[in-house]
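One structure below.
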Amino acid sequence: MRDSKSNIYEKVTGIIVSALCVVFSLALIILPKSDWSENENRKLAEWPALTTDEVLHSNLLSDIENYLADHFPMRNLLVSVNTQFNELLGRREINQVFICGDDFLIDKYKKPLRTEAILKAFNRVPATVADRRITLMIAPTAAEVYREKLPHFAQQADQMQTMRYLYEGFDGDTVDVTPALRSHRDEYQLYYRTDHHWTTYGAYFAYVELCEKWEMEPVPMDAFDIRQVTKDFRGTTYSKLNDLTIKGEPIYRFSLAGQSLAVQYGTDEKAVSGMLYNEDYLKRKDKYSYFLDNIHELIMIRNPDALTDRKLVVIKDSYANCFIPFLTSHFSEITVVDLRYYHTSVLDLISGDDGVTDVLILYNLGTMDQDTGVTVIF
């Protein structure tokens, strides 16, 4: 009798599992596919081209696995269920994210693999344009500034070791903003709880450090009109867990009254005039893109009433998007270059006859190693 019941259970289980496999396989085939995840703010994996070169020389199985993982039906819901289950088990690291004190979600810092190549690329700037003021600013991540919030026994790579290597090997000026950020971390929230970026407050204290290096007088914080532009931001770190119990958080904008800026997004052929901020993004998941209208290959910011006639080029990642508005008072022109999309020589841009006086290279340690533009375009 027991064997008979056992066989029935096994058959029923087998039928259910088989049915689920068929349903999910059909859903994977039939349901429309998207090439972009708004929840994770990233491009989804594409089905690999089954060419001879792809089969022989690439990691075909890994590419197929990435495609299936990115396009699996009800993926966001399953990620959320997995997170809830792991939290019930008491796990404090899920999907490379630490669940920390004060409701912080902090990305685990992994040992970079291309540090030497990145430093070599950075050094091409002072080697090519030695007559400009060249400054490198590497932003630490929340895992360093708020390391006391990490779970006990949390293990990750040493950010400061990477930063020291970059700063000691760089042939221009450097600005280490880590001590300043750590000194103000209890006064203000310097990094988002749900995202890998620093907040506008964190960017402000980095700006003060840069001003000291450049012997400029920073605009006092109380001179800015500080306004909350949203209270419901959930960033890229949140998306790795998709924990529906996590509340959104505010984004703040620092602005100066009376500034008359001309902002141009894109190259001359497809340039679009705009402002430093795009309100449309506040209605979307990717609310951080409110700053500087997300990502553009080239942005030109002109201020006819700037305190100096100096011209600045910023080579950057997205950490700079909420940072650059602080610099508009000090430079008559700011050219912003994102090497992931700028497919012309940035060295030619800097060394041209447009009167560039300063160059700032600003990246964060968390994503710099994955930035495909750094070593390719220089």
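Computed over segment 276-360, the range of Cα coordinates on each principal axis works out to 41, 31, 16 Å, biggest value leading.
Note on segment 163-285: Kirkwood hydrodynamic radius from all Cα pairs is 17.3 Å, rounded to one decimal. Scattering from segment 234-335 was approximated by placing one identical point on each alpha carbon and applying the Debye formula without solvent; log10 I(q)/I(0) at 0.12, 0.18 1/Å stands at -0.45, -0.90. Computed with a 1.4 Å probe on the full set of protein chains, the accessible area for Leu244 sits at about 120 Å². Ranked by solvent-accessible area (1.4 Å probe, protein heavy atoms only, all chains present), the residues Leu307, Leu190 order from largest to smallest as Leu307, Leu190. In terms of overall dimensions, segment 172-239 has a Cα radius of gyration and Dmax of 13.6, 40 angstrom. For segment 151-257, the residue among Leu241, His196, Gln155 whose Cα projects farthest onto the positive side of the dipole built from Cβ charges is Leu241. For Thr230, nonlocal amide neighbours, meaning residues 5 or more places apart or on other chains whose placed amide H falls under 5 Å from its own, are Ile251. Look at the dipole of segment 326-378 built from charges on Cβ: of Thr367, Phe331, Ser351, the Cα furthest out on the positive end belongs to Thr367. Legend: residues Phe153, Phe104, sorted from most to least accessible area (1.4 Å probe; ligands, DNA and RNA excluded), read Phe153, Phe104.
Accessible-area rank, largest first, for His152, His184: His152, His184, with all protein chains present and a 1.4 angstrom probe. Checking the cross-link pairs Lys240/Lys287; Lys231/Lys285; Lys110/Lys287; Lys110/Lys149; Lys247/Lys285 against a 20 Å limit on the alpha carbon distance flags Lys110/Lys287 as lying beyond it. Derived scalar couplings between HN and Hα for segment 153-166 equal 6, 5, 10, 7, 5, 8, 5, 5, 5, 5, 5, 4, 4, 5 Hz in order, rounded to whole Hz, by the Karplus curve 6.51 cos²θ - 1.76 cosθ + 1.60 (θ = phi - 60°), x for Gly and Pro.
Residues whose amide H comes within less than 5 Å of that of Lys108, counting only those at least five positions distant or on another chain, are Val97, Phe98 (H built at 1.01 Å from N in the peptide plane).
The values are calculated or read from the model by the stated rules, or taken from the named source; none is laboratory data. Keep in mind it's a predicted model, so treat the numbers as computed, not measured. Methodologically, a virtual Cβ is constructed for each residue, glycine included, from the backbone with ideal geometry; neighbour enumeration extends over all protein chains shown. For accessibility, only protein heavy atoms count, side chains too; no ligands or nucleic acids. Shrake-Rupley method; radii C 1.70, N 1.55, O 1.52, S 1.80 Å.
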